[in-house]
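A short worksheet on the structure shown next.
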């Protein structure tokens, strides 16, 4: 079984980087966009600034962490349902955060009886 962790770094964000409620709403919209099932969520609001929001999904998780002082955010998405496209979920979050620059990355995980390559 293979699945991907998909992440995006966002620079130059003009969206609500220090608003935990808005960030949770963005993750919920991303979950809805791909049909993921939310089990629970949590927020951490840091002082003097910065937020981390996580949604635990039946399909795994979505996380966003922000550094408003640098107009920067990091998105981490793990969807263990091959029919759900994490790029579609990320696009919803990117739309809300309005970055000037993005850098996506992907790590493929291969779950099997033996480690890959052995």
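None of the figures in this text is laboratory data; all of them are computed from the coordinates on show. Note that the structure is predicted; figures quoted are calculated from it, not measured. As a convention, Cβ positions derive from the backbone with ideal geometry for all residues, glycine included, and neighbour counts pool all protein chains shown.
Listed from fewest to most Cβ neighbours within 10 Å, the set 105, 67 follows the order 105, 67.
Each of 100, 65 has some number of other Cβ atoms within 10 Å of its Cβ, and from fewest to most they run 100, 65. When you restrict to C-alpha pairs under 8 Å that are six or more residues apart and normalise by the size of the chain, the relative contact order lands at 41 percent.
Note on residue 39 and residue 70: the extension gain reaches 8.0 nm, defined as 0.36 nm multiplied by sequence separation minus the Cα-Cα distance.
The residues 37, 109, when put in order of fewest to most other Cβ atoms within 10 Å, stand as 37, 109. Helix 20-34 and the longest principal axis of the C-alpha atoms of the chain enclose an angle of approximately 40°. A convex hull fitted around the alpha carbon atoms of the chain yields 106 Å³ per residue. Taking the C-alpha atoms only, the angle from helix 86-97 to the longest principal axis of the chain is near 0 degrees. Starting from the Cα of residue 5, step 7 Å toward the Cβ, then list every residue of the stretch 71-91 with an amide N under 15 Å from that point. The answer is 74-80, whose backbone nitrogens lie closer than 15 Å to the label point.
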